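The values are calculated or read from the model by the stated rules, or taken from the named source; none is laboratory data. These numbers come from a predicted model, not from an experiment. Here the Cβ is made from the backbone with ideal geometry for all residues, glycine too, and neighbour counts use every protein chain on show. Each accessible area value is taken on the protein alone, full model and side chains, heavy atoms only, with ligands, DNA and RNA left out. Shrake-Rupley method; radii C 1.70, N 1.55, O 1.52, S 1.80 Å.
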Amino acid sequence: MKFAVSLTMERFSPDVPMSTAKNNLLVLARMADEGGFEALWTAEHHTIECTISPNPFQTLVWLAQHTQQIRLGTSTLVAPYWSPIRLAGESALCDHLTNGRLEFGIARGSYQYEFDRMAGGMPQQEGVAYMKEIVPAVKKLWAGDYAHDGHYWNFPTATSVPKPLQQPHPPIWVAARDPGTFDWAIANGASILSTPLSAPAAEIQVLSDKFHKAVADHPEVPRPRFMMQRRTCVYDKPDGWETAVKHSMDYGRAFENLMQNIGTVREGFPEAVPYEAVKGKDNYNPDNIRNNLMFGTPDEAIEKLLVFEAAGVDQYCLGLTFNLPFELQKRTLELFIREIMPFFAAREKEKEQKRKAAAN
């Protein structure tokens with residue numbers, strides 16, 4: 001199992017300068033790159049300060065100038081906000097400007113608050129149909145001349161300019177939780193981005209079963225990869241969970257504001273909705289948050305990560321963007337690099353040695 005990190009510029013108060021948000025992201029990105037993380041993922045969101053990323057390609061091109069090895073991915077582009085020609089061209093140019101490190105992640109979109117402002121108020125659930133139309137169109141534009149006559153977009157013969165550096169195209173990832181999206185993504189040669197959100201560990205296996213069923217149903221397609229993301233905080237002492245849980249609860253209430261579109265957003269800052277308005281109140285129980293999310297000392301985190309490994313997850317992604325104090329974000333990366341990643345690297349080496357021995 002490899003490791004990735006999800007990062008964006010974030011502000012939760014107008015008292016935090018934009019320069020601080022930018023510099024914090026750069027520090028964490030460099031740490032992840034130098035520490036051997038496989039990928040860095042960054043989101044697309046609009047009009048909200050807690051995720052400052054109106055065009056993730058810009059962010060990734062900037063980070064590419066300050067990193068050497070780490071793959072740079074979009075987690076995720078919001079399909080209804082794009083046109084196929086623009087998406088094909090901008091992603092291909094990003095692939096060149098990152099020296100072929102782009103990972104192309106796309107989704108239907110999530111925040112109804114954004115859809116009301118970016119997509120004419122359409123229900124966010126309808127975004128999946130846009131995604132299913134735009135991904136094949138972008139792949140054809142990357143390949144050469146192509147005319148499109150679809151439900152959402154129509155254009156005469158055109159092509160992507162430039163063509164991607166990676167051939168035939170950058171790796172494609174699709175965000176999925178429902179079985180239909182798993183099946184469609186894998187049938188179209190895409191890897192999977194998923195998350196158990198704040199659900200108990202049993203949800204990890206539920207998502208894994210959906211992935212492996214879709215893989216089994218499409219033997220004609222090379223096995224894709226499976227990434228899973230969870231809100232993450234690792235600390236030195238067992239009582240460190242209190243800070244992580246508090247920030248997770250506060251962030252969750254702001255998240256509910258945007259998902260349900262039931263709260264106030266002032267100058268781009270979403271206010272936390274009252275506990276009475278949240279869905280899934282068990283997800284706000286401090287003990288549940290501590291147990292379910294990737295919160296713990298290094299030893300505790302390793303035990304939780306073994307569940308992801310057993311479920312067949314290829315890449316575990318640290319979700320660090322939930323207003324966690326910057327020093328604790330840094331400490332989480334430090335502990336992963338020093339104590340957690342070497343444990344799993346040793347396991348991979350041991351498995352490889354066993355495979356070679358069995359082959360002989």
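Annotations
- Pairing residues of region 288-309 that are more than 12 Å from residue 234 (Cβ to Cβ) with residues that are open to solvent by 30 Å² or more (accessible area, probe 1.4 Å), at Cβ distances under 6 Å and at least 6 apart in sequence or on separate chains, gives 288/282; 290/241; 292/200; 307/201.
- When region 25-40 is filtered for residues that are within 17 Å of residue 233 (Cβ to Cβ) and either in contact with a His (Cβ under 9 Å, 6 or more places away or on another chain) or part of a loop (DSSP other than H, G, I, E, B) (or both), the ones remaining, listed by number, are 35, 37.
- Within region 62-80, being closer than 21 Å to residue 107 by Cα and either open to solvent by 10 Å² or more (accessible area, probe 1.4 Å) or hydroxyl-bearing (Ser, Thr, Tyr) (or both) holds for 71, 74, 75, 76, 80.
- One residue alone among 42, 59 is among the hydroxyl-bearing types (Ser, Thr, Tyr), in contact with a Pro (Cβ under 6 Å, 6 or more places away or on another chain) and crowded, with 22+ Cβ neighbours inside 10 Å, and that residue is 42.
- Whichever residue in region 186-211 is over 30 Å from residue 139 (Cβ atoms), assigned to a helix (DSSP H, G or I) and not hydrophobic (A, V, I, L, M, F, W, C) and, among such residues, is least open to solvent (accessible area, probe 1.4 Å): 203
- Residue tally, condition more than 21 Å from residue 76 (Cα to Cα) and either open to solvent by 10 Å² or more (accessible area, probe 1.4 Å) or in contact with a Cys (Cβ under 6 Å, 6 or more places away or on another chain) (or both), over region 308-323: 3
- Hey, residue 86 more than 18 Å from the chain's Cα centre (by Cα) and open to solvent by 20 Å² or more (accessible area, probe 1.4 Å) or not: yes
- In region 314-325 there is at least one residue matching the filter, namely being closer than 30 Å to residue 223 by Cβ, in contact with a helix residue (DSSP H, G or I) (Cβ under 8 Å, 6 or more places away or on another chain) and of a type in the set (Phe, Trp, Tyr).
- Considering residues of region 161-216 that are farther than 21 Å from residue 293 by Cβ and of a type in the set (S, T, N, Q) only, the residue nearest to the chain's Cα centre (by Cα): 191
- Some residue of region 229-249 being closer than 24 Å to residue 127 by Cβ and out of contact with any strand residue (DSSP E or B) (no Cβ under 6 Å at 6 or more places or on another chain): no
- Filter result for residue 135 (modelled with pLDDT of 95 or more, within 19 Å of the chain's Cα centre (by Cα) and not in a strand (DSSP E or B)): yes
- Residue match in region 277-288 (condition: in contact with a Leu (Cβ under 8 Å, 6 or more places away or on another chain) and surrounded by 14 or more Cβ atoms within 10 Å (Cβ to Cβ)): yes
- Every residue from region 242-257 that is farther than 23 Å from residue 110 by Cα, buried (at least 18 other Cβ atoms within 10 Å of the Cβ) and polar (S, T, N, Q): none
- The residue of region 233-254 that is nearest to the chain's Cα centre (by Cα), among those that are β-branched (Val, Ile, Thr) and in a helix (DSSP H, G or I), is 245.
- Residues within region 165-222 that are of a type in the set (S, T, N, Q), within 25 Å of residue 88 (Cβ to Cβ) and in contact with an Asp or Glu (Cβ under 9 Å, 6 or more places away or on another chain), tallied: 2
- First in region 271-282 and touching a residue at least 12 places away in the same chain (Cβ under 8 Å), second anywhere and part of a loop (DSSP other than H, G, I, E, B), Cβ under 7 Å, 6 or more apart: 271/263; 271/264; 273/262; 273/263; 277/262
- Tallying residues that are surrounded by 14 or more Cβ atoms within 10 Å (Cβ to Cβ) and either assigned to a helix (DSSP H, G or I) or at positive phi (or both) within region 138-161 yields 6.
- Each residue in region 11-33 was checked for being open to solvent by 30 Å² or more (accessible area, probe 1.4 Å) and touching a residue at least 24 places away in the same chain (Cβ under 8 Å), and 9 of them qualify.
- Single residue of region 296-315 satisfying the filter (of a type outside the set (D, E, K, R) and part of a loop (DSSP other than H, G, I, E, B)) that is farthest from the chain's Cα centre (by Cα): 297
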